[in-house]
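Worksheet: one structure, shown below.
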Amino acid sequence: MPTTHETASELLAASDEQIERAVAHAEPMVLRGLLYQLTGDEQIAATRVMTDPSGLQTAMMVADEADVAMLRRKAVAFLRARRDAGAGPLEIGSRERLRQSIPLTLGGEIDDAEFALWLEELALDPWVRSVTWSDEERPDRLDGFSVTVIGAGVGGVNIALMLKRAGIPFQVFEKNSGVGGTWWETRYPGARLDTPSRGYTHIFGADYPYPSPFCTWEENQAYFQWVADTFELNQHTVFDTEVRALSWDEEAGEWEVEVEGPDGGYTVRSNAVFTAVGFLNRPKIPEIEGMADFRGASWHTSRWPEDADVRGKRVAVVGTGCTGYQLIPELARSTEHVVAFQRTPQWLFGVQGYLSPFPEEVGWLDRNLPYYTNYMRIRALSIGRAFGRLTEIDPDFDDPHTVSALNRISREASLAFLHDKVADPELRAIMTPAHPPWSARAVLVDSEYSVLDAIQRDDVTLVTSGVRRITETGIEDGDGTHHELDVIVYATGFHASEYLFPMTVTGREGQTLSDLWKVGGARAHRFCMYPGFPNLWSVYGPNTNGALVPASFHELVTRYGMECIERLLREDRRAIEPTREAYDRYNADVDERNARRVWSDPRASNYYWTEHGRSAVMCPFAIEEIFELLRHPPFDELEMR
C-alpha cells in the first residue's frame with residue numbers, strides 16, 4: 001500500500017506563528033494517533049480518554065486539557081522540525097505501529113478483524129476495495145460480460161469506477177440530468193449533511209478538499225461531480241433515463257432492463273445488475289383533503305423548484321423530521337411568515353460550527369500535516385462505534401425514558417440543549433419527544449441558530465394540532481384555525497422502506513421482489529442479494545442504515561458483488577444467488593438483533609420500524625460485523641449455475 005506522503009511546498013514558507021494557528025484547530029484524538037504513528041512517542045500513547053459529555057453519539061475525547069495542550073505542542077514541534085529539514089517525503093511507518101495508532105485515534109482497543117476494517121478506512125491505499133487483475137490473471141470471459149448500474153449517486157459512481165478499473169463493460173442509467181443522486185434532488189434551503197463530511201465520501205476521496213465539516217447540498221454535489229469528471233464516468237452514463245423494470249431471462253442468463261428516456265422506452269440486456277437507487281429519494285406525499293384546491297404553489301422538499309422565490313411570502317412547512325428542522329430556520333430568514341406543522345418532535349443535538357465552513361487553518365493542516373486527512377477520516381467514522389453502544393437496549397436498565405445508561409446520557413444532553421435555548425416551559429414540553437433518543441432519526445443543528453430559535457420568532461408559528469384540510473388560500477389546522485398561505489412545502493419524507501420502488505423486478509420462474517417480500521417486507525441476504533434473483537446486487541439495500549456510513553457500505557457491497565462476478569467468470573458459470581435457507585437464516589438473525597435495538601421501542605413511529613413488526617431499514621450489526629459479513633462472499637451460502 002502507498003505509504004509515502006509528499007508535503008505541499010507551503011510548509012517550507014510557513015512561520016512558527018502560522019503553524020501554531022493551524023495546530024490550534026487540529027483534532028486532539030487525531031493528533032493522539034497520528035503523532036504516535038509518526039514519532040513513536042510513548043508519552044502520547046499514555047494520554048487518557050473519556051466519553052464526550054456532550055452526549056452526541058457518546059464519542060471518545062482526550063480527557064485532560066493538559067494532555068490536549070501537550071499534543072498541540074508536540075504537533076507544532078513536529079511541523080517546525082519537518083519544515084526546517086526541508087519537508088521531504090515521509091513514510092507512514094510500520095504496520096505494527098499502525099496496530100497501535102489506529103486504536104489511539106478511535107479511543108479504544110480493537111481486535112484483529114476490526115483492525116483490518118480500519119486499516120482499509122485509513123485510505124493509505126485509495127484502491128484497497130477495488131477488484132483488479134493483471135493481464136495474465138484476466139478472466140477469459142471478461143469482455144463478453146456486461147453490467148447495468150442503476151443510479152449515479154454515492155453508490156452508483158463508486159460501482160461505475162470499480163467496474164471501469166476492473167475492465168468490465170458496463171452502462172449506468174440515471175433518472176436525473178446529472179450525478180449526485182439524493183444531492184442532485186435535495187436542494188431545499190438549509191439542506192446539508194448531518195454526518196461528518198470527511199466520513200461521507202469514498203476511500204479514494206479521502207484527500208478531497210472538504211469546504212465544511214457538514215457540507216451543504218451544493219458542496220456534496222460538487223464532490224460527486226469531481227468523481228465523475230476525474231474518472232471520466234459521464235461517458236458511461238445515460239442521463240434523464242429511468243429503469244422501469246428488470247426481468248431475468250433464465251435461458252439466456254441475462255437481465256432484460258426496461259428503461260424510459262426522453263425519446264421513449266427501450267430495452268437493454270446485461271449479465272448482471274447493480275441497483276444504487278438509495279432509499280430516501282421517492283417522495284412520500286400525504287393525502288390531505290383539499291390539496292388540489294390550493295391556489296398557491298406547493299411541492300415536496302426533494303423537488304424544490306430551481307426558480308422558487310419565497311422571499312416575503314407566507315410559507316407552511318408540513319413535517320418536522322430532519323428536513324423540516326433544517327428548512328424552517330432558513331425560511332424564517334427571508335419569508336414574511338412560516339407556519340410549521342409538527343406531529344412529532346425530534347431529539348436535537350447542538351453542534352458548534354455546524355453551519356460554518358472550515359477555518360482556512362483546517363485546509364492548511366490537510367495539506368501540510370502528513371496523513372492528517374487519513375486519520376481525520378477514521379475519526380469521523382468512529383462515531384459508528386459509539387452509535388452501536390448507545391442504541392443497544394439494556395434489559396436490566398430501569399428508566400422510564402431511555403433504554404440504557406448511555407442512551408440516558410444522550411437524552412440528558414439533548415434536554416440540556418433544549419433548556420438552554422428555550423425558556424418557556426410549555427414550549428419545552430412541546431419540543432420534548434416521548435420516544436428514546438435514536439429510536440427515530442436524531443437531528444444535528446447549529447448551537448447558535450436552529451429551529452429552536454426560529455420557532456420563538458414572531459414571524460414563525462408552530463402548530464401541533466395537525467392538518468385538518470387544505471383550502472384554496474391556506475391550511476385549516478386541527479383546532480380549526482385557518483392559516484393564510486402563499487406556499488405549502490411538504491417535508492413529509494420518503495417511501496423509505498419500499499426498496500427499489502417503483503421498479504418491478506421479476507426473477508426466476510416469474511417471482512417478483514414484491515412476492516418475495518409479501519410477508520415481512522423488504523429483506524436481503526447480507527444486505528445485497530436475493531434468492532431467485534441471480535446476478536443482482538443492491539447497494540443501500542434492506543437493513544443498511546446504521547453504524548456504518550453509506551459510502552463505506554457501498555464500497556463493501558460493490559467489492560462483494562465484483563468478487564461474485566469474478567467467481568462466475570473464472571468457473572465459467574452464468575448465474576449466482578443466495579440459497580433460500582441462507583437468506584432466511586440471515587434475516588432471522590437481523591430481526592432478532594433489531595428487536596434488541598432502541599428503534600424497536602413502541603413509542604417511536606417512523607420509517608425505522610414497519611407495519612410488519614420489524615425494521616426493513618435499520619442495521620443492527622456493529623461496524624466490524626458488517627465488515628466481516630461483506631469482506632468476501634460466503635460461497636457455501638450461494639448457488640451457482
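The values are calculated or read from the model by the stated rules, or taken from the named source; none is laboratory data. The shown structure was predicted, so the numbers you read here are calculated from the model rather than taken from an experiment. So basically every Cβ, Gly included, is an ideal-geometry build from the backbone, and we count neighbours across all protein chains shown. Ligands, DNA and RNA are excluded from the accessible area calculation, which covers all protein heavy atoms including side chains. Shrake-Rupley method; radii C 1.70, N 1.55, O 1.52, S 1.80 Å.
I'd like to know if segment 212-225 contains one or more residues that are among the aliphatic types (A, V, I, L, M) and open to solvent by 40 Å² or more (accessible area, probe 1.4 Å).
Checked segment 212-225: at least one residue is among the aliphatic types (A, V, I, L, M) and open to solvent by 40 Å² or more (accessible area, probe 1.4 Å).
Give just the number: which of (1) crowded, with 19+ Cβ neighbours inside 10 Å; (2) within 18 Å of ASP229 (Cα to Cα) does PRO139 not satisfy?
(2)
Quick check: anything in segment 107-114 free of Cβ contacts under 8 Å to residues at least 40 places away in the same chain, more than 30 Å from HIS236 (Cα to Cα) and surrounded by 15 or more Cβ atoms within 10 Å (Cβ to Cβ)?
No, every residue in segment 107-114 fails to be free of Cβ contacts under 8 Å to residues at least 40 places away in the same chain, more than 30 Å from HIS236 (Cα to Cα) and surrounded by 15 or more Cβ atoms within 10 Å (Cβ to Cβ).
Can you pull out the residues in segment 134-186 that are aromatic (Phe, Trp, Tyr) and in a strand (DSSP E or B)?
PHE170, PHE173, listed by residue number.
For segment 471-489, state whether one or more residues are touching a helix residue (DSSP H, G or I) at 6+ places or on another chain (Cβ under 6 Å) and either part of a loop (DSSP other than H, G, I, E, B) or modelled with pLDDT under 95 (or both).
Taking every residue of segment 471-489 in turn, at least one turns out to be touching a helix residue (DSSP H, G or I) at 6+ places or on another chain (Cβ under 6 Å) and either part of a loop (DSSP other than H, G, I, E, B) or modelled with pLDDT under 95 (or both).
For residues that are acidic (Asp, Glu), open to solvent by 20 Å² or more (accessible area, probe 1.4 Å) and within 17 Å of VAL557 (Cβ to Cβ), tally how many sit in segment 115-132.
Residues in segment 115-132 being acidic (Asp, Glu), open to solvent by 20 Å² or more (accessible area, probe 1.4 Å) and within 17 Å of VAL557 (Cβ to Cβ): 1 in total.
Residue check, ARG559 against (1) surrounded by fewer than 23 Cβ atoms within 10 Å (Cβ to Cβ); (2) touching a residue at least 60 places away in the same chain (Cβ under 8 Å); (3) more than 20 Å from the chain's Cα centre (by Cα); (4) outside any loop (DSSP other than H, G, I, E, B), all met but one. Which one?
Here ARG559 clears every test but (3).
Considering only segment 501-518, state which residues are closer than 19 Å to GLU254 by Cβ and not basic (Lys, Arg).
Within segment 501-518, MET503, THR504, VAL505, THR506, GLY507, GLU509, GLY510, GLN511, THR512, LEU513 meet the criteria.
Suppose we filter PHE553, PHE501, PHE527 for residues that are surrounded by fewer than 22 Cβ atoms within 10 Å (Cβ to Cβ) and either among the aliphatic types (A, V, I, L, M) or touching a residue at least 40 places away in the same chain (Cβ under 8 Å) (or both); which single one remains?
PHE501
Give me the pairs, please: first residue somewhere in segment 76-95 and over 16 Å from GLY33 (Cα atoms) and in contact (Cβ under 8 Å) with a residue 12 or more places away in the chain, second residue anywhere and open to solvent by 60 Å² or more (accessible area, probe 1.4 Å) and of a type in the set (Gly, Ala, Ser), beta-carbon distance under 9 Å, and either six or more positions apart or on two chains.
ARG83/ALA13; ALA87/SER9
How many residues are closer than 27 Å to ILE409 by Cβ, in contact with a helix residue (DSSP H, G or I) (Cβ under 6 Å, 6 or more places away or on another chain) and small (Gly, Ala, Ser) if we restrict to segment 59-75?
1
Residue by residue through segment 290-313, note down the ones that are open to solvent by 70 Å² or more (accessible area, probe 1.4 Å) and farther than 11 Å from THR473 by Cα.
ALA292, ARG303, GLU306, ASP307, ARG311, LYS313
Which of the residues that make up segment 502-520 are closer than 27 Å to PHE387 by Cβ and modelled with pLDDT of 95 or more?
TRP517
Among (1) over 28 Å from GLY278 (Cβ atoms); (2) of a type in the set (Asp, Glu); (3) modelled with pLDDT under 95, there is one condition GLU498 misses while meeting the rest; what is its number?
So GLU498 meets the others, but not (1).
Looking at this structure, is SER465 of a type in the set (Ser, Thr, Tyr) and without any contact (Cβ under 8 Å) to a residue 60 or more places away in the chain?
The answer is yes for SER465.
Which numbered condition in (1) at pLDDT below 95; (2) out of contact with any Phe, Trp or Tyr (no Cβ under 8 Å at 6 or more places or on another chain) is the only one that PRO436 fails?
The failed condition is (1).
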